[in-house]
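Following: one structure in structure tokens, then a few remarks.
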Amino acid sequence: MSRALVTGGAGFVGSHLVEALLGRGEEVRILDDLDPLAHPTGKPPEHLPAGAELLLGDLRSADDVAAALDGVDRVYHLGGIVGNGESMVNVRKAIDSNPGGTATLLEALIARRDRIRRVVVASSMVVYGEGTYRCGEHGTVVPWLRPAVRLRQRRWDPPCPVDGCDRELEPVPVREDAALRPVSVYGISKRDTEELALVLGQAYGIEAVALRYLNIYGPRQALANPYTGVAAIFSARLLAGRAPRVFEDGGQIRDLVHVSDVVAATLAAMDAPRAPGRAFNVCTGRRIRIAELASRLCGLLRPELEPEVTGEFRAGDIRHCFADPSRARELLGFEARVRIEDGLPELVEWVASQTDVVERGDEALEGLRRAGLVG
């Protein structure tokens, strides 16, 4: 019987993926370092599926990776650190863990390429940076960093990147062939992670697929991690009896995708014949604004509270990012099924059952303030 390796398999998405693989009768090994940001107790989480082999180890260790790959023929690479804010403060950790750990894994895969069938690598929407826009005069444009002077004036939308153009831009769904212009260290680290896999896969004949996950939500999110997904951050504050903190004006657009859909896309990427050598958006194709998300979660968890719209901004944050799902639909046969109207109540039910969460949002924000990353 073949065996799959899931790096980061004790985490949010990883544990759901492991569960799905076991449910299909597959053998699964997990390599995870139980990073305290995701696992505050330092112990394997209670939700870790029984039946999977857990190896405690570091992706940056060639010995740990070699042990994890023994007898493996498929690799789902989900391991690494997450979070724009965390990466802007702990720069070396983000680079060492994400592209650095991936480089270690890929070197080991190259040495075993005669028996490793495929590697599926978790990337992120953050590789797109500010996403894609349409200018009435210049057509499709890809902005870069929003100028700090503009943000201090509370002008939130990015300017047209064409010199001298003052037209307002219309955000449009980002496609996989868009330029990658990350605006955070985390974005840079995920861009490098996926490009390492695709470039080395092509060079050495290893089937490699990169999945650009949009904003993932669902049960088992790391509520104690103040740098995790926005739905989890809002939920953790509400669980602590605090209003969710919304930066800028709350008008940021996102595409929230349920963890079960992410798992479905990830499984499809391992088997789809035309997937290797490509990157795919994993998204719903539907939009929600951040303030609306916060309001919906308030209504479900703490109806007496309302979101706190701060009017502040954080370095490394993006304004709008939502994606075009057509490539995944065509080549992976994947289409998101869970609508946010159904997924959020499920998330809230799980959040309400968590009794030992320490909400660290204020602590994290203070750290960003000290670093001069909040304006």
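The values are calculated or read from the model by the stated rules, or taken from the named source; none is laboratory data. Since this is a predicted model, take the numbers as computed values, not measurements. So basically every Cβ, Gly included, is an ideal-geometry build from the backbone, and we count neighbours across all protein chains shown. Keep in mind that these areas ignore ligands, DNA and RNA; they rest on the heavy atoms of the full protein, side chains included. Shrake-Rupley method; radii C 1.70, N 1.55, O 1.52, S 1.80 Å.
Please go through the range 296-315 and give me each residue that is under 24 Å from GLY218 (Cβ atoms) and either surrounded by fewer than 18 Cβ atoms within 10 Å (Cβ to Cβ) or touching a residue at least 60 places away in the same chain (Cβ under 8 Å) (or both), ordered by number.
If the condition is that a residue be under 24 Å from GLY218 (Cβ atoms) and either surrounded by fewer than 18 Cβ atoms within 10 Å (Cβ to Cβ) or touching a residue at least 60 places away in the same chain (Cβ under 8 Å) (or both), then LEU297, CYS298, GLY299, LEU300, LEU301, ARG302, PRO303, LEU305, PRO307 are the ones that fit.
I need the full set of residues from the range 9-32 which are surrounded by 24 or more Cβ atoms within 10 Å (Cβ to Cβ) and assigned to a loop (DSSP other than H, G, I, E, B), in order please.
GLY9, ALA10, GLY11
From the residues in the range 314-366 that are part of a loop (DSSP other than H, G, I, E, B) and of a type in the set (Lys, Arg), which one is modelled with the lowest pLDDT?
Restricting to residues being part of a loop (DSSP other than H, G, I, E, B) and of a type in the set (Lys, Arg), the top hit is ARG360.
Would you mind stating whether GLN221 is in contact (Cβ under 8 Å) with a residue 24 or more places away in the chain, open to solvent by 40 Å² or more (accessible area, probe 1.4 Å) and not basic (Lys, Arg)?
No: the conditions fail for GLN221.
Quick one: would you say LEU48 is assigned to a strand (DSSP E or B), buried (at least 16 other Cβ atoms within 10 Å of the Cβ) and not acidic (Asp, Glu)?
No.
Could you check, for the range 65-73, whether at least one of its residues is under 18 Å from the mean Cα position of the chain (by Cα), assigned to a helix (DSSP H, G or I) and surrounded by 24 or more Cβ atoms within 10 Å (Cβ to Cβ)?
Looking through the range 65-73, none of the residues is under 18 Å from the mean Cα position of the chain (by Cα), assigned to a helix (DSSP H, G or I) and surrounded by 24 or more Cβ atoms within 10 Å (Cβ to Cβ).
MET88 is checked against (1) touching a helix residue (DSSP H, G or I) at 6+ places or on another chain (Cβ under 9 Å); (2) modelled with pLDDT of 95 or more and fails just one. What number does that condition carry?
Just one mismatch for MET88, condition (2).
In the range 184-200, which residues are open to solvent by 20 Å² or more (accessible area, probe 1.4 Å) and out of contact with any strand residue (DSSP E or B) (no Cβ under 6 Å at 6 or more places or on another chain)?
VAL185, TYR186, ILE188, ARG191, ASP192, GLU195, LEU196, VAL199, LEU200
Quick check: is even one residue across the range 121-135 closer than 14 Å to GLU207 by Cα and out of contact with any Phe, Trp or Tyr (no Cβ under 8 Å at 6 or more places or on another chain)?
yes
Taking the condition of being open to solvent by 20 Å² or more (accessible area, probe 1.4 Å) and either closer than 20 Å to VAL309 by Cβ or touching a strand residue (DSSP E or B) at 6+ places or on another chain (Cβ under 8 Å) (or both), how many residues in the range 201-212 meet it?
Matching residues across the range 201-212 total 2.
Can you tell me which residue among ARG134, ARG150 is open to solvent by 20 Å² or more (accessible area, probe 1.4 Å), in a helix (DSSP H, G or I), over 30 Å from GLY79 (Cβ atoms) and modelled with pLDDT of 90 or more?
Exactly one residue qualifies, and that residue is ARG150.
Limited to the range 55-64, what total is found for residues that are in a strand (DSSP E or B), farther than 15 Å from TYR76 by Cβ and open to solvent by less than 60 Å² (accessible area, probe 1.4 Å)?
Number of matching residues: 0.
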